[in-house]
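No lab work stands behind these numbers, since they all come straight from the coordinates. Just so it is clear, the structure is predicted and the values come from calculations on it, not from any experiment. FYI the Cβ positions are ideal-geometry reconstructions off the backbone, even for glycines, and counts take in every protein chain you see.
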Amino acid sequence: MKIATFNINSINARIANLLAWLKEQAPDVVLLQEIKCEYNAFPFLELASVGYEAKVLGQKSYNGVAILSRYKISEVVENLPQFPDEQARYLEADVDINGEKIRVASVYLPNGNPPVNAPRDDAKFLYKLDWMDALYLRAKTLLQNYDKVLLGGDFNTILRDDDVYNPEAFRQNALFRKEVRDRFHALEYLGYGDAFRLLHPTQNGYSFWDYGAKSFELDWGMRIDYLLVSPLLADCLEGCFVDKAPRALEKPSDHTPLIATFNS
């Protein structure tokens, strides 16, 4: 079983790259973020042509999440329960893979940094913290009701100094602030394992490189995409790796896929 997360940064702008990657890697499930389109503009037919069903929570021009699967998708939950939100950032569903039911969620956590023209405006940061609190409550409920749970996506969180190319430059960034890191660790304390770190405790695991200043070529990246797995899924974890190939293509997303493989 192979499950991936990929912040696609506009699915219609990257559809050719995405289709080629799906054919090459053949993941069973893909969690997409920043699809940047509404439901009616989503490329369902193109994805079906390479064998994928899709469930979508879209939004015009911004945000948007989707779940792709080569197997049946059911019991879809849009948005975090009990958290009214105009932004399309969370989509959850059951996927039945050869009789094995997995509860998955595509997560696009808010960035939280203030507008450039209003550096003291903390509204986006407070929204981020509230969103993470709601995610914690949902993640706790999922562990109480499902054996195999996977939360994957762009968490806009830098956990450690070695998760970013220049930690000093990001000390006050909303991705790296203590309040955010503490909330992420709270998910781990619930029992979720960081799939990449479980297998690679010292590698940087960068999954994002800014478009400017030859960041990708210089490996000026950060690790902000995660696959969080419940204890029973962690027991099945065989591998987890960052696939850098899509980031090196023409017109790439600024993120690249993170892929985990499981023995059941």
What FRET efficiency comes out for residue 172 versus residue 251 if R0 is 45 angstrom and r is the Cβ-Cβ distance? Round to the nearest 0.05. 0.90
Skipping prolines and chain starts, which residues have an amide H placed within reach, meaning under 5 Å, of the one on residue 158, given they are 5 or more residues away or on another chain? 176
Give me D for segment 1-128 in µm² s⁻¹, whole number, from Stokes-Einstein with Rh from the Kirkwood sum over alpha-carbon pairs, 20 °C and 1.002 mPa s. 140 µm²/s
As an exercise, take the mean of 1/r over every pair of distinct alpha carbons in segment 56-148, invert it, and state the Kirkwood radius in angstroms. 14.7 Å
Taking θ = phi - 60°, what integer Hz values does the Karplus form 6.51 cos²θ - 1.76 cosθ + 1.60 yield along segment 245-260, in sequence order, with x for Gly and Pro? 4, x, 6, 8, 7, 5, 6, x, 5, 7, 9, 9, x, 10, 10, 10
Cut-off 16 Å, label 7 Å out along Cα→Cβ of residue 165, residues of segment 228-244 by amide N: 244
Alpha carbon centroid spacing (whole Å) that separates segment 95-174 from segment 185-232: 12 Å
Would you kindly derive the ³J(HN,Hα) couplings of segment 91-105 from the backbone phi angles with the Karplus curve 6.51 cos²θ - 1.76 cosθ + 1.60 (θ = phi - 60°), listing them in order in whole Hz, with x for Gly and Pro? 9, 10, 6, 8, 10, 9, 9, 6, x, 9, 8, 10, 8, 10, 9
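R0 = 30 Å: FRET efficiency of residue 96 with residue 12, Cβ-based, nearest 0.05?
0.55
Hey, what's the Cα Rg ratio for segment 194-263 versus the globular rule of thumb, 2.2 N^0.38 Å?
Details: Rg = 13.2 Å, N = 70, 2.2 N^0.38 = 11.1 Å.
That works out to 1.19 for segment 194-263.
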Quick one: what are the phi-derived ³J(HN,Hα) couplings along segment 119-132, Karplus 6.51/-1.76/1.60 with θ = phi - 60°, whole Hz, x for glycine and proline? x, 9, 6, 9, 4, 5, 5, 5, 4, 4, 5, 4, 5, 5
Taking only C-alpha pairs under 8 Å that are 6+ residues apart, what is the relative contact order of the chain in percent? 19 percent
Placed amide H near residue 88: partners under 5 Å, 5+ positions off or other chain: 64
Additional length obtainable on full extension of the chain from residue 24 to residue 85, 0.36 nm per residue less Cα span: 18.4 nm
For mean projected area of the Cα convex hull in nm², which listed value, (1) 14.1; (2) 13.3; (3) 22.2, comes from the coordinates shown? (2)
Work out the FRET efficiency for residue 121 and residue 218 from their Cβ-Cβ distance, taking R0 = 35 Å, and round it to the nearest 0.05. 0.65
